[in-house]
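Trainee: Pasting in a structure now, in structure tokens, and then I'll have a few things to ask.
The values are calculated or read from the model by the stated rules, or taken from the named source; none is laboratory data. Model, not experiment: these values are computed from the prediction. All Cβ positions, glycine included, derive from the backbone under ideal geometry; neighbour counts span all protein chains shown.
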Amino acid sequence: MLNAHNNQSISDLYESVRKAIKSDSIAILNEKLNQIDKIELLFLQNYNKRKNEGVFFTQKYIADYIISQTLTEFLNSRIKKINLTSLEEIKSLTQNDYKSILNLINTTLICDPSCGSGVFLLSYIDIVFNLLQEICPGDEIETLERGIIKNIYGYDINEDSIKLCILKLLRRLSNLKSVNLLNMLSILESHIIVKDVIIDPPTLKFGLLVGNPPYGNILDNSLKQKLRTENVFVNDIYCIFILKALEWNDGMIGFLIPKSFLLRQGYVRFRNQLLLKANLLKIIDIGPNL
């Protein structure tokens, strides 16, 4: 009963927010947006498919760290003569460097292929919008904010997670002067969608792929057999996400994954495939207590 009630609450809240946006009912919209955290907490407590779907919650500080590291390496790889060790160092660059960074960010697509309720996408918005305040001319900030939002994509197999992700993004954007929420709703509903990327891969190429892929030996045998014909390592779904992400990426990937692949004998084939296909820049052990 709890789970059914929770799912209905997410759907009800989502539809209420959509109606408030379409009718331009600001007071109702704010009231509904303030209910998101409570409903998300219930969803996480009662979501009994999490283990079967390999879903694990990511804390915001970890998402912030992965976004910062990945974006730093991406900027270094695309802009000549900068060698950042952190995003904080951007403030010491030249005006020409600022322009190069802003142009790159404005044209870079970012995707979380297992986005859940959106912690990585929200982290990206927070970090990049803060960066705009530091280096962007005031009269260009609003245009760049709109462009960045249009570059965000997220996929997940769980419909309630997708609705929560859109709700949380709308809440984050609701106070921006630059944003028409009705337009943003349309964009988010076309970019943040229910999708199993292993079965139905994206057709776009993303400059940044980030997230916390599902873990575990959870695929059914028929899909495993299909992936084996593609020479894909299938022992753990996160390994499949990594190898497939390399096909959708034309820049940098930053994933939170188990470290089982580093030492275990059963992952030798995966390690060989990964080293053959990817240029590994960093492997960071963030500890066991997540």
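Trainee: Count, please, the residues in region 223-242 that happen to be of a type in the set (A, V, I, L, M) and in contact with a helix residue (DSSP H, G or I) (Cβ under 6 Å, 6 or more places away or on another chain).
Mentor: Number of matching residues: 2.
Trainee: Working only within region 179-200, note down all residues that are within 15 Å of the chain's Cα centre (by Cα) and part of a loop (DSSP other than H, G, I, E, B).
Mentor: Answer for region 179-200, where residues must be within 15 Å of the chain's Cα centre (by Cα) and part of a loop (DSSP other than H, G, I, E, B): LYS195, ASP196, VAL197.
Trainee: Looking at (1) outside any loop (DSSP other than H, G, I, E, B); (2) touching a Gly at 6+ places or on another chain (Cβ under 8 Å), can you tell me which one ASN235 breaks?
Mentor: (1)
Trainee: While we're looking at this one, here's another question. What pairs come out if I take residues in region 117-131 that are touching a residue at least 40 places away in the same chain (Cβ under 8 Å) and surrounded by fewer than 19 Cβ atoms within 10 Å (Cβ to Cβ) and pair them with residues that are of a type in the set (Gly, Ala, Ser) and assigned to a helix (DSSP H, G or I) whose C-beta lies under 9 Å away, six or more apart or interchain?
Mentor: As it stands, the answer is ILE127/SER68, since those pairs meet every condition given.
Trainee: Another question, then. With (1) under 16 Å from LYS282 (Cβ atoms); (2) within 16 Å of the chain's Cα centre (by Cα); (3) not β-branched (Val, Ile, Thr) as the list, and ASN83 as the residue in question, which single condition is left unmet?
Mentor: (2)
Trainee: From ASN221, ASN235, grab the single residue that is of a type outside the set (D, E, K, R) and free of Cβ contacts under 8 Å to residues at least 24 places away in the same chain.
Mentor: That would be ASN221, the only listed residue that is of a type outside the set (D, E, K, R) and free of Cβ contacts under 8 Å to residues at least 24 places away in the same chain.
Trainee: Quick check on THR203: is it of a type in the set (S, T, N, Q) and outside any helix (DSSP H, G or I)?
Mentor: Yes; evaluated as a whole, the condition is true for this residue.
Trainee: List the number of the failed condition for ASP139; all other conditions in (1) part of a loop (DSSP other than H, G, I, E, B); (2) modelled with pLDDT under 90; (3) assigned by TED's automatic domain parsing to the domain that holds LEU204 hold.
Mentor: It is condition (1) that ASP139 fails.
Trainee: Looking at this structure, is LEU188 more than 25 Å from PHE129 (Cβ to Cβ), of a type outside the set (Ser, Thr, Tyr), surrounded by 15 or more Cβ atoms within 10 Å (Cβ to Cβ) and free of Cβ contacts under 8 Å to residues at least 40 places away in the same chain?
Mentor: Considered against the rule, which asks whether it is more than 25 Å from PHE129 (Cβ to Cβ), of a type outside the set (Ser, Thr, Tyr), surrounded by 15 or more Cβ atoms within 10 Å (Cβ to Cβ) and free of Cβ contacts under 8 Å to residues at least 40 places away in the same chain, LEU188 comes out as no.
Trainee: Cβ-Cβ below 6 Å, separation at least six or inter-chain, first residue in region 92-115 and assigned by TED's automatic domain parsing to the domain that holds LEU243 and among the charged types (D, E, K, R), second at pLDDT 95 or above and assigned to a strand (DSSP E or B): which pairs?
Mentor: From region 92-115, the pairs are ASP112/GLY154; ASP112/VAL210; ASP112/GLY211.
Trainee: For ASP24, are the conditions met, namely being modelled with pLDDT under 95, surrounded by fewer than 17 Cβ atoms within 10 Å (Cβ to Cβ), among the charged types (D, E, K, R) and under 22 Å from the mean Cα position of the chain (by Cα)? First the steps, then the outcome.
Mentor: Details: modelled with pLDDT under 95: yes; surrounded by fewer than 17 Cβ atoms within 10 Å (Cβ to Cβ): yes; among the charged types (D, E, K, R): yes; under 22 Å from the mean Cα position of the chain (by Cα): no.
No, not satisfied.
Trainee: Just for region 263-278: of the residues that are exposed (fewer than 11 other Cβ atoms within 10 Å of the Cβ) and either hydrophobic (A, V, I, L, M, F, W, C) or outside the structural domain of ILE240 (by TED's automatic domain parsing) (or both), which one is farthest from ILE240 (Cα to Cα)?
Mentor: The selected residue is LEU263.
Trainee: Hey, does region 215-230 have a residue that's among the aromatic types (Phe, Trp, Tyr), in the same structural domain as ASN151 (by TED's automatic domain parsing) and farther than 25 Å from TYR65 by Cα?
Mentor: no
Each row is one residue, and each column tells you yes or no for (1) at pLDDT below 95; (2) within 22 Å of PHE270 (Cβ to Cβ); (3) assigned to a loop (DSSP other than H, G, I, E, B).
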site: LYS177; (1), (2), (3): yes, no, yes
site: PRO214; (1), (2), (3): yes, yes, yes
site: ASN217; (1), (2), (3): yes, yes, yes
site: ARG228; (1), (2), (3): yes, yes, no
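Trainee: Could we say that GLU230 is more than 18 Å from ILE162 (Cα to Cα), surrounded by fewer than 18 Cβ atoms within 10 Å (Cβ to Cβ), touching a residue at least 12 places away in the same chain (Cβ under 8 Å) and among the acidic types (Asp, Glu) here?
Mentor: For GLU230, the condition - more than 18 Å from ILE162 (Cα to Cα), surrounded by fewer than 18 Cβ atoms within 10 Å (Cβ to Cβ), touching a residue at least 12 places away in the same chain (Cβ under 8 Å) and among the acidic types (Asp, Glu) - is not met.
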